[in-house]
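Notes to accompany the following structure.
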Amino acid sequence: MVQRVVPTDASTTSSSPPSWSWAAAADLIRLRNQSGTWLLMWPSLWALLLANQGRPPLRLVCVFALGSFVMRSLGVVINDVADRRFDKHVARTSHRPLAAGRLTLGHALVVALSLTLLAAGLVSTLNWVTISLSPIALFLASIYPFCKRWIHMPQAVLGIAFGWGAIMAWAASCGTIDLQAWWLFAATTCWAVAYDTIYALQDREDDQRIGVKSSALLFGSAVPLAVGLFLAGMMGCLVAAGHWSGLGAGYYVMLTLIGGIFLQQVRRLRFPIAPHTAFGMFYQHVYVGAAILAALWIGTLSATP
């Protein structure tokens, strides 16, 4: 049975609102856990590498790396604002600053506004095509936290949001959105559904109890099959992106090795897994993203013109 966790923070016994705390603000943006930043950043770097034939401009790499940190931070702040009442009743999230009463809603909104302005400043350094695409990125970051109330597979919205980074990175490099960018977008969408379904296994019982929707609940006992199909879809999209870019054989060799990792994960999902195991499997995808970046770079070395 899942126990309801009651925060023991001093704010629960005091009527005075909590004061501003930099430590709590750092926890609000998950400063000590940047897995989400990496997962958001990799598709952008894939696009920058592929769009620039393996030699992306350092300026664009820096803008999109910093932008990934800012947008992921903004996303988790919006998520905590949206879920501040739900989070109190989930063991894994009850310690979050808003749920535990360490920060007020006003504090969180100030942080969100500051991050939005910083993101706007970064986008303003890019071309007009990319600037015109940026409101969509903000819209997706804003609605995702609420999707778990509306649809049974909010992970798909997360994938679209993360994949949009690849579209913007391609536009920033080329001033257009070519077919390869859309294949990277589709690959990222499939990838995010797969790894976030694994992540959601940690909270499956709590989500069911409080009425939150997730793909882990939607797929139920078919989680291994669903994750496998989405990972296969990702691989197919990456193969298509490589084909249209004329990448060399090294790229496909690397993809084969990555496919082996995916197969191992799908086999593991056929058996019951503990929450810490689910998180460990989810975190492996941070390294998968780096491996795909390496594969793209290797592929560009022997790409056909």
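Just a few scattered comments:
- The structure shown yields Rg and Dmax of the Cα atoms in Å, and of the options (i) 19.9, 68; (ii) 18.6, 58; (iii) 24.1, 88 that calculated value carries the label (i).
- Here the label points at Glu205 and Gln284, each 7 Å from Cα along the C-beta direction, are separated by 2.4 nm in the simple model.
- The length gained on full extension between Trp244 and Ser302, counted as 0.36 nm times the residue separation minus their Cα-Cα distance, comes to 19.5 nm.
- Our estimate of slack between Thr176 and Ala222, defined as 0.36 nm per intervening residue step minus the Cα-Cα distance, is 12.6 nm.
- The range 22-301, relative contact order [Cα under 8 Å, separation at least 6], %: 23 percent
- Label separation (Tyr252 vs Ile131): 4.3 nm, computed from points 7 Å beyond Cα along the C-beta direction.
- Loop-located trypsin sites (Lys or Arg not before Pro) in the range 236-305, at most 13 other Cβ atoms within 10 Å (DSSP): Arg270
- With a simple spin-label model that places each label point 7 Å from the Cα along the Cα-to-Cβ direction, the separation between Ser114 and Phe139 comes to 2.9 nm.
- A Förster distance of 45 Å, applied to the separation of the beta-carbon atoms of Ala274 and Ser19, puts the FRET efficiency at 0.75.
- HN-Hα J in Hz across the range 293-299 - Karplus 6.51, -1.76, 1.60, θ = phi - 60°, x for Gly and Pro: 4, 5, 4, 4, 5, 4, x
Bear in mind that the values in this text are calculations on the coordinates, not laboratory data. Computed from a prediction, not measured in an experiment: that's the story for all the values here. Note that we place each Cβ from the backbone using ideal geometry, even for glycine, and neighbour counts take in every protein chain shown.
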